[in-house]
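Here the structure is laid out as structure tokens; the discussion comes afterwards.
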Amino acid sequence: PIIMTDVGCAGEVIKNEQSGLVVPVGDKEKLAEAMLKLMTDAARREKLARSAKLAVSRLPSREQILALYKKSWEKAANGNMSAQGACLPARQGSALGGKLLILTQKVDLNNGVLGFMHGWVEEFAKHCAKVTVICLQKGEYNLPENVKILSLGKEEARPKINYIINFYIYIWRERKNYDIVFVHMNPEYVVLAGLLWKIWGKKIALWYTHKNVDMKLRIAEKLSDIIFTASAKSFRLKSEKVNVMGHGIDTERFT
């Protein structure tokens with residue numbers, strides 16, 4: 001038998017007292033009450049378990065779901081291309097479609113810790129007309145033609161003041177080449193440029209996965225439009241902007 005909170009498929013697949021027990025989100029008392037009901041009532045347990053199995057058996061198959069997704073994406077893409085005057089190449093008929101600026105520490109496919117970012121940039125490039133990356137340090141990379149990599153100069157061991165000067169030069173010089181800013185793990189970039197990006201009409205997204213909460217993060221939270229994190233415990237500042245996404249690990253590569 002199924003007990004679930006009132007989210008997702010509740011009311012559609014799992015209906016309260018028909019194919020499961022649905023309790024309000026965050027209501028510990030109701031959750032405990034539902035558990036006790038099923039622990040003490042064998043007939044109800046069996047009835048709800050049978051009904052749940054029947055409800056799930058009526059769901060579309062994996063192939064049917066993929067076909068529905070494909071149909072809806074094609075419809076959305078065709079409508080968007082008509083509305084935009086087919087301004088993007090066909091391979092980039094995507095959900096984003098615009099121009100993206102990424103701020104990150106390193107772009108280096110051979111780096112043992114941050115090498116994954118190369119794959120993220122490559123994936124973003126499939127969905128955006130243009131991707132500009134400002135990184136603290138660059139190494140070896142092999143990315144599509146619509147990606148530009150700009151380094152703040154750490155690989156040349158420049159003074160730190162040069163990083164900040166280059167940062168402001170790049171975000172100003174490239175301002176017409178991005179509509180959205182995606183800052184990975186370094187809220188200080190949002191602190192340094194968030195107000196400028198707001199004035200220029202850029203949307204700001206921050207990825208942050210760490211237990212630490214400091215003044216930089218508090219300021220960045222106020223300036224960001226949306227925040228991504230890996231788990232509910234990896235962004236410990238209360239905010240309605242937070243989206244829990246998981247770690248984004250390519251399990252085909254990292255087995």
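The values are calculated or read from the model by the stated rules, or taken from the named source; none is laboratory data. None of these values were measured; they are calculated from a predicted model. All Cβ positions, glycine included, derive from the backbone under ideal geometry; neighbour counts span all protein chains shown. These area figures cover heavy atoms from the full protein model, side chains too; ligands, DNA and RNA do not enter into them. Shrake-Rupley method; radii C 1.70, N 1.55, O 1.52, S 1.80 Å.
Tabulated data for the structure shown
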| item | result |
| --- | --- |
| Number of the exception - ALA157 against (1) open to solvent by less than 70 Å² (accessible area, probe 1.4 Å); (2) on the phi > 0 side of the Ramachandran plot | (1) |
| GLU63 assigned to a helix (DSSP H, G or I), of a type in the set (D, E, K, R), out of contact with any Gly (no Cβ under 8 Å at 6 or more places or on another chain) and surrounded by fewer than 10 Cβ atoms within 10 Å (Cβ to Cβ) | yes |
| Single residue of VAL191, VAL181, VAL147, VAL121 found to be out of contact with any Pro (no Cβ under 8 Å at 6 or more places or on another chain), open to solvent by 40 Å² or more (accessible area, probe 1.4 Å) and of a type outside the set (D, E, K, R) | VAL191 |
| Failed criterion for ARG173 (all others in (1) more than 16 Å from GLN137 (Cα to Cα); (2) open to solvent by less than 10 Å² (accessible area, probe 1.4 Å); (3) more than 24 Å from the chain's Cα centre (by Cα) hold) | (2) |
